[in-house]
Amino acid sequence: MDYVSTRGRAPALDFAGVTLAGLASDGGLYVPRTWPRFTHEEIEAFAGLPYAELAARVMQPFVAGSLSAERLRELTAEAYGRFAHAAVTPLVQLDEQNWLLELFHGPTLAFKDVALQLLGLLFEEFLERSGRNLTIVGATSGDTGSAAIDAVAGRAGVQVFMLHPKGRVSDVQRRQMTTVLAPNIHNIALEDASFDDAQAIVKKMFADATMTDRFAIGAVNSINWARLMAQVVYYFAAALQLGAPHRPVAFSVPTGNFGDVFAGYVAAQMGLPIARLIVATNVNDILHRALSAGDYSAGEVTPTAAPSMDIQVSSNFERLLFDVGGRDGIALAGQMAGFEATRAMRLTNAQREGAAALFSSARADAAHMARAMRWAWDDAGQVIDPHTAIGLHAARASGLAPQVPVVTLATAHPAKFPAAVERATGQCPPLPARVGDLFGREERVTDLPGSYEAVAAYVAAHAEPKGKAGRT
C-alpha cells in the first residue's frame, strides 16, 4: 500500500512514511492510492471478533509493507487494553431507531483515544527502526491534545508541542493536557487565538524549510493518515452489531475538522454498507453550508459549549474533495490555494454530487443542543455531552426510514463538560474514578502570543534535532 498527496506533487510514501510525515510536503494530505475493499463474506466473518482483533483485520490492508499482521495484532492488543470497557466502543440503545456509540472509554474520556493510543505505539515502532527523533506539533480544540499527550508521554524519540486557544477549552480538557509533566510534553496556550489560528500555525511550520531542515516535524491531528485509519474500525464494529453486512446502517457524526466522519466514508469505500453519513455541526457551520449549498467559506469562529467543534476551516474536507472530485491533485491544489488566499470557495458540481451520494448535514444551535441533551436524559436515561447532543439532534431530524438504525457517535464523556450538561439536564456528571484527582494535580503550561514567530521560536529552542541525537 502506498499513499499519494491530495495536491499531487509530493512523493508517494508507504504507511510508515505517512505516519511519521503527517502533512505532505506540498501542503496536501495523504490518502491511499486505491481503497482496499472487503467482500460481503469477509465482512460477515468479522462479526463477533474482539475489538482489537477486528481492528487488526480492518487496518491490515493499509499497513501492508510496513507492519506484519502479527505485529499489528500485538499493537492493537496493547492499545485497546487500556480502555475501561471490555467492548472498547460499546453501543447503547436510545429508542427503536437511535443508538449511541460510546467512544469515550479511553484514558482521556474522548473518541480521539481510540486512534491516538495506537498512533503513539506506531510512532515508537517506526522511530525505533529509523533512529530518528520526531517533533510533533499539534493544534487542539480540546480533546486531541489530551489524547495525544497521554499516548506519547515519556516515549523515546518524541517531543510534543501542543497548541490550544487560551480560555477556549473546558477546564477538564485543559487540565488533562497541562497536568502531564513528562519532560517530552510542552503545552502552549495561545493568547487571543482560535483553534483555526492554532491549526494555521501548525500547517505553516510544516511548510517552513528553516524548521523542517532542522527537525522532523510530525502530526497527531487528523491530518495524520494513521490516526484517521484507526477511526475506521469503530464504524465496522457498530455496523456489525446492528446487522451488517446484511443491512445498511446510518451514522450521525458531530464534527468540526471532518476527520471522524471521513473515517466513515473510508469504511464505506471498503465495502461496509452505510446508508447515510450525517455531518452534524454547531453554529460554526462551514461543513453544513458546503454540503447543503456548495459554499465552503470561512467566517469568524463563534465560541460555544461544544468547543471541539468551534472550527471554520475543516482540514480533512480536502480528502473528500479530492476523492469525489476525480482525484486530480493539481486541480485541487489550485482550488485550495484560492481558498487559502480568500477564505472562500465553491465546490465543483462533481464534488457536490459525489458528496451527496453518501453525506447529508444538519446545523444545531444552543437550543437544539440543550433539547437533545434533555431528551436523552428524560426519554432514554442517558447523560450526554454537548458534542454528542449535536449529533443526536441531527440523527433525530434525519428523516431516514425507520428500519435503518441511526448511530450517533458519542465523542466525549459528559463529565468533560459538566456546566453545560447540568444547565440542560440538571445532572452534574462526575469524573470517572480513574481521572477523579484531576483537579488536584499540578499544571504546567506556557502562554505565548498567537503568532507563528513566537511558536516557531519556542519549538526551535526546546525540540531535539532530527537524527539520532538525544535518543537513548
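The values are calculated or read from the model by the stated rules, or taken from the named source; none is laboratory data. No experiment lies behind these values; they were computed from the predicted model shown. Here the Cβ is made from the backbone with ideal geometry for all residues, glycine too, and neighbour counts use every protein chain on show.
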The listed residue being in contact (Cβ under 8 Å) with a residue 12 or more places away in the chain and acidic (Asp, Glu), out of Glu78, Glu41
Glu78
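So, Ala16, is that one farther than 24 Å from Gly271 by Cβ, within 20 Å of the chain's Cα centre (by Cα), assigned to a helix (DSSP H, G or I) and at pLDDT 95 or above or not? Let's see the steps before the verdict.
On the way: farther than 24 Å from Gly271 by Cβ: yes; within 20 Å of the chain's Cα centre (by Cα): yes; assigned to a helix (DSSP H, G or I): yes; at pLDDT 95 or above: yes.
When the stated conditions are applied, Ala16 passes them.
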Counting only residues that are among the β-branched types (Val, Ile, Thr) and touching a strand residue (DSSP E or B) at 6+ places or on another chain (Cβ under 7 Å), which one in segment 1-36 is farthest from Val158 (Cα to Cα)?
Thr6
Taking segment 372-401, which residues are charged (D, E, K, R), surrounded by 18 or more Cβ atoms within 10 Å (Cβ to Cβ) and touching a Ser or Thr at 6+ places or on another chain (Cβ under 8 Å)?
Asp385
Taking segment 44-65 and keeping residues touching a residue at least 60 places away in the same chain (Cβ under 8 Å) and farther than 24 Å from His246 by Cβ leaves Phe62, Val63, Ala64, Gly65
In segment 345-371, anything among the small types (Gly, Ala, Ser), surrounded by fewer than 17 Cβ atoms within 10 Å (Cβ to Cβ) and not in a helix (DSSP H, G or I) is listed as Ala357
With the condition being farther than 21 Å from Ala306 by Cα, I'd like the helices (runs of 4 or more DSSP H) fully within segment 376-472 carrying at least 2 qualifying residues.
452-462
Any idea which residue in segment 279-323 is farthest from the chain's Cα centre (by Cα), counting only those that are modelled with pLDDT under 95 and of a type in the set (Asp, Glu)?
Glu300
Of all helices (runs of 4 or more DSSP H) completely enclosed by segment 188-274, which ones contain at least 1 residues that are closer than 20 Å to Tyr458 by Cα and either in contact with a strand residue (DSSP E or B) (Cβ under 6 Å, 6 or more places away or on another chain) or among the basic types (Lys, Arg) (or both)?
195-206
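Return the only residue of Gly48, Gly106, Gly81 being closer than 30 Å to Thr408 by Cβ, of a type in the set (Gly, Ala, Ser) and crowded, with 22+ Cβ neighbours inside 10 Å.
Gly106
From the list Ala139, Ala189, Ala207, Ala182, which residue is modelled with pLDDT of 95 or more, closer than 29 Å to Arg343 by Cα and of a type in the set (A, V, I, L, M)?
Numbers: Ala139 fails: modelled with pLDDT of 95 or more; Ala207 fails: modelled with pLDDT of 95 or more; Ala182 fails: closer than 29 Å to Arg343 by Cα.
From the options Ala139, Ala189, Ala207, Ala182, the qualifying one is Ala189.
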Failed condition for Ser141, given (1) in a loop (DSSP other than H, G, I, E, B); (2) closer than 28 Å to Phe15 by Cα; (3) over 18 Å from the mean Cα position of the chain (by Cα)
(3)
Just checking, does segment 441-459 include any residue being in contact (Cβ under 8 Å) with a residue 24 or more places away in the chain and closer than 30 Å to Gln382 by Cα?
yes
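Applying the selection to segment 73-93, what residues are among the charged types (D, E, K, R) and assigned to a loop (DSSP other than H, G, I, E, B)?
Arg82
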Looking at this structure, is Leu332 modelled with pLDDT of 95 or more, in contact with an Asp or Glu (Cβ under 8 Å, 6 or more places away or on another chain), aliphatic (A, V, I, L, M) and buried (at least 21 other Cβ atoms within 10 Å of the Cβ)?
yes
Expected single match for under 27 Å from Asp192 (Cα atoms), at pLDDT 95 or above and small (Gly, Ala, Ser) among Ala424, Ala394, Ala401, Ala461 is Ala461
Does Arg132 satisfy the condition of being within 21 Å of Thr179 (Cβ to Cβ) and either part of a loop (DSSP other than H, G, I, E, B) or within 14 Å of the chain's Cα centre (by Cα) (or both)?
no
Would you be able to say whether some residue in segment 54-70 is of a type in the set (Asp, Glu), surrounded by fewer than 18 Cβ atoms within 10 Å (Cβ to Cβ), modelled with pLDDT of 95 or more and closer than 21 Å to His387 by Cα?
no
Exception for Asn98 within (1) in contact with a Phe, Trp or Tyr (Cβ under 9 Å, 6 or more places away or on another chain); (2) at pLDDT 95 or above falls at (1)
Would you confirm whether or not segment 193-215 contains a residue that is more than 22 Å from Ala139 (Cβ to Cβ) and under 19 Å from the mean Cα position of the chain (by Cα)?
no
Which is under 17 Å from the mean Cα position of the chain (by Cα), in a helix (DSSP H, G or I) and farther than 21 Å from Phe251 by Cβ, of Ala147, Ala151?
Ala151
How many residues are in a helix (DSSP H, G or I) and of a type in the set (A, V, I, L, M, F, W, C) if we restrict to segment 27-51?
2
